[in-house]
1. Does residue 175 qualify as being in contact with a helix residue (DSSP H, G or I) (Cβ under 6 Å, 6 or more places away or on another chain), in a helix (DSSP H, G or I) and modelled with pLDDT of 95 or more?
2. Mind checking which pairs have a first residue in the range 104-133 that is within 24 Å of residue 196 (Cβ to Cβ) and in contact (Cβ under 8 Å) with a residue 12 or more places away in the chain and a second that is open to solvent by less than 20 Å² (accessible area, probe 1.4 Å) and part of a loop (DSSP other than H, G, I, E, B), Cβ under 8 Å, 6 or more apart or different chains?
3. Could you give every pair whose Cβ atoms fall below 6 Å, whose first residue belongs to the range 16-28 and is within 10 Å of residue 196 (Cα to Cα) and assigned to a loop (DSSP other than H, G, I, E, B), and whose second residue is open to solvent by 40 Å² or more (accessible area, probe 1.4 Å) and of a type in the set (Phe, Trp, Tyr), counting only separations of at least 6 or pairs across chains?
4. Exactly one of these conditions fails for residue 99: (1) farther than 19 Å from residue 17 by Cβ; (2) touching a residue at least 40 places away in the same chain (Cβ under 8 Å); (3) of a type outside the set (A, V, I, L, M); (4) near the ligand (Cβ under 10 Å from one of its atoms). Give me its number.
5. Based on what the data block shows, is residue 78 within 15 Å of the ligand (Cβ to nearest atom), surrounded by fewer than 14 Cβ atoms within 10 Å (Cβ to Cβ) and more than 23 Å from the chain's Cα centre (by Cα)?
6. In contact (Cβ under 8 Å) with a residue 40 or more places away in the chain, β-branched (Val, Ile, Thr) and under 18 Å from residue 272 (Cα atoms): which single residue out of 193, 224 fits that description?
7. Scan the range 207-214 and give yes if some residue there is surrounded by fewer than 14 Cβ atoms within 10 Å (Cβ to Cβ), in contact with a helix residue (DSSP H, G or I) (Cβ under 7 Å, 6 or more places away or on another chain), assigned to a helix (DSSP H, G or I) and at pLDDT 95 or above, otherwise no.
8. If you go through the range 135-172, how many residues are part of a helix (DSSP H, G or I), within 24 Å of residue 64 (Cα to Cα) and either in contact with a Ser or Thr (Cβ under 9 Å, 6 or more places away or on another chain) or open to solvent by 60 Å² or more (accessible area, probe 1.4 Å) (or both)?
Amino acid sequence: MYLSNPTNTLAVINKHEFVFQKKYGQNFLIDEGIVEKIVREAGVTKEDFVLEIGPGIGTMTQLLCEQAREVAAVEIDTKLIPILSETLENYDNVTIINEDILKVDIAKLAQEKNDGRPIKVVANLPYYITTPIIMGLFESHVPIDSITVMVQKEVADRMQVGPGTKDYGALSLAVQYYSKPQVVINVPPECFIPRPNVGSAVIRLEKHATCPVEVEDERLMFKIIRASFNQRRKTLSNGLNNSPEINFSKEQINAAIEELGRGASIRGEALTLEEFAKLSNIFSNIK
Ligand code: SAM
């Protein structure tokens, strides 16, 4: 029985007397068209190993099992595990892992299940941990082909924008350093049960084969980026000088900004990814 409609979803929920947990960001999809479209946009084929984060009652998992070679679904809520065993009983290519995704060694999972080859990540994410999940996937250098996920609309916007907009920030730069983001579907609250009180969007992040800029020290670049956006209304120079993560003198900071070719009053939010990379490389070369 496919679950992606309100009647079937409610039947499963009532049968198991399941109670939605707000703390886990539980908003289940009840729109068949949207579920199908997410899986289609993810480009899943019979070659693929797919990691699904937060399967819920298994609505999208069913479709993923049909399209993929193998699926691993990581679900934190123990109450959902017996439900998933039942809704996925017809599929022998799925492993359900009852864990917090932030504690799972995904690189190890990719090694075991996919011989270390790039995996696809597909999810209707729990919104309260969107950023740590995405950053964890990128920064831990798990082999990834693409990440296709439902997120809060506003967060999808932040991932896509460039300098000069209010949404531009550390998340935009990190996502664009590692991948090419593209919003593929806008999803209204009526497509979920219970309805979230924010708009949602599915974003596809296609991992770059090679990063678009050359950075000598990635960690330093991200420290600089964080310092620049921590104090938005300050100049870049003050932002870097006030950051406990950056240990260069005021003179070194000003000289680096000058070498970058930007005036002393420039703000961090005006810099492009290329400029952050260049600035970081200038700092890396200070003896
Ligand atoms: N995929 C289902 C769907 O679309 O109907 C459910 C999506 S719901 C937005 C998010 C799911 O993530 C819930 O099932 C929730 O229990 C699970 N979840 C929340 N926090 C989690 C965590 N830290 N690790 C793994 N799963 C988590």
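1. On the way: in contact with a helix residue (DSSP H, G or I) (Cβ under 6 Å, 6 or more places away or on another chain): yes; in a helix (DSSP H, G or I): yes; modelled with pLDDT of 95 or more: yes.
So residue 175 fits the description; yes.
2. 122/42; 122/44; 124/56; 126/26; 127/196; 133/125
3. Filtered contacts from the range 16-28: 25/127; 25/128; 26/20.
4. Unmet condition: (2).
5. Values: within 15 Å of the ligand (Cβ to nearest atom): yes; surrounded by fewer than 14 Cβ atoms within 10 Å (Cβ to Cβ): yes; more than 23 Å from the chain's Cα centre (by Cα): yes.
Yes; evaluated as a whole, the condition is true for this residue.
6. On the way: 193 fails: under 18 Å from residue 272 (Cα atoms).
Answer to the selection: 224.
7. No, there is no match, as no residue in the range 207-214 is surrounded by fewer than 14 Cβ atoms within 10 Å (Cβ to Cβ), in contact with a helix residue (DSSP H, G or I) (Cβ under 7 Å, 6 or more places away or on another chain), assigned to a helix (DSSP H, G or I) and at pLDDT 95 or above.
8. First, the residues of the range 135-172 that are part of a helix (DSSP H, G or I): 135-139, 153-160, 170-172.
After this cut, where a residue has to be within 24 Å of residue 64 (Cα to Cα) as well, the list is 135-138, 153, 156.
Then keep just the ones that are either in contact with a Ser or Thr (Cβ under 9 Å, 6 or more places away or on another chain) or open to solvent by 60 Å² or more (accessible area, probe 1.4 Å) (or both); that gives 138, 153, 156.
So the answer is 3.
The values are calculated or read from the model by the stated rules, or taken from the named source; none is laboratory data. This one's a predicted model, so the numbers in the text were calculated from it and none came from an experiment. Counting neighbours? That spans all protein chains shown, and the Cβs are built from the backbone with ideal geometry, glycine included. Side chains included, ligands, DNA and RNA excluded: accessible areas come from the protein's heavy atoms. Shrake-Rupley method; radii C 1.70, N 1.55, O 1.52, S 1.80 Å.
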